[in-house]
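Novice: Got a structure for you, written out below as structure tokens; questions coming shortly.
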Amino acid sequence: MTISIELIDLLKKLKEEHRLLDETILQLMENSPYNQLAVQRLKKKKLYLKDKILTLETRIIPDIIA
């Protein structure tokens with residue numbers, strides 16, 4: 001089974017976007033008072049990205065039951 005280079009590149013891109021969102025959320029929360037609605041939306045997007053990352057990782061590295 002060959003793994004598409006495009007899938008690996010997409011995975012890297014999603015992980016980078018996830019990391020950047022984490023940094024953005026932390027920066028927003030450092031400034032008091034912060035926009036809770038904006039932080040909540042970013043956290044939701046971060047969770048969505050995490051789900052996509054896990055789905056892609058499962059496609060790339062399938063769970064092998066021995």
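The values are calculated or read from the model by the stated rules, or taken from the named source; none is laboratory data. Owing to the predicted nature of the structure, the values given are computational and were not obtained by experimental measurement. Glycine also receives a Cβ, built like all others from the backbone with ideal geometry; neighbour counts cover every protein chain displayed.
Novice: Would you mention how many residues in the stretch 40-50 are hydrophobic (A, V, I, L, M, F, W, C) and either under 10 Å from the mean Cα position of the chain (by Cα) or at pLDDT below 95 (or both)? It would help to see each step written out before you state the result.
Specialist: At the first step, the residues of the stretch 40-50 found to be hydrophobic (A, V, I, L, M, F, W, C) are 42, 47, 49.
Next, from what is left, pick out any that are either under 10 Å from the mean Cα position of the chain (by Cα) or at pLDDT below 95 (or both): 47, 49.
Residues that pass the stated criteria total 2.
Novice: Right, next: So which of I53, I8, I3, I64 ends up being modelled with pLDDT of 90 or more, of a type in the set (A, V, I, L, M) and either outside any helix (DSSP H, G or I) or surrounded by 15 or more Cβ atoms within 10 Å (Cβ to Cβ) (or both)?
Specialist: Working: I8 fails: either outside any helix (DSSP H, G or I) or surrounded by 15 or more Cβ atoms within 10 Å (Cβ to Cβ) (or both); I3 fails: modelled with pLDDT of 90 or more; I64 fails: modelled with pLDDT of 90 or more.
That would be I53, the only listed residue that is modelled with pLDDT of 90 or more, of a type in the set (A, V, I, L, M) and either outside any helix (DSSP H, G or I) or surrounded by 15 or more Cβ atoms within 10 Å (Cβ to Cβ) (or both).
Novice: Please go through the stretch 24-43 and give me each residue that is surrounded by fewer than 10 Cβ atoms within 10 Å (Cβ to Cβ) and part of a helix (DSSP H, G or I), ordered by number.
Specialist: Filtering the stretch 24-43 down to residues surrounded by fewer than 10 Cβ atoms within 10 Å (Cβ to Cβ) leaves 30-33, 37.
Matches in the stretch 24-43: E30, L37.
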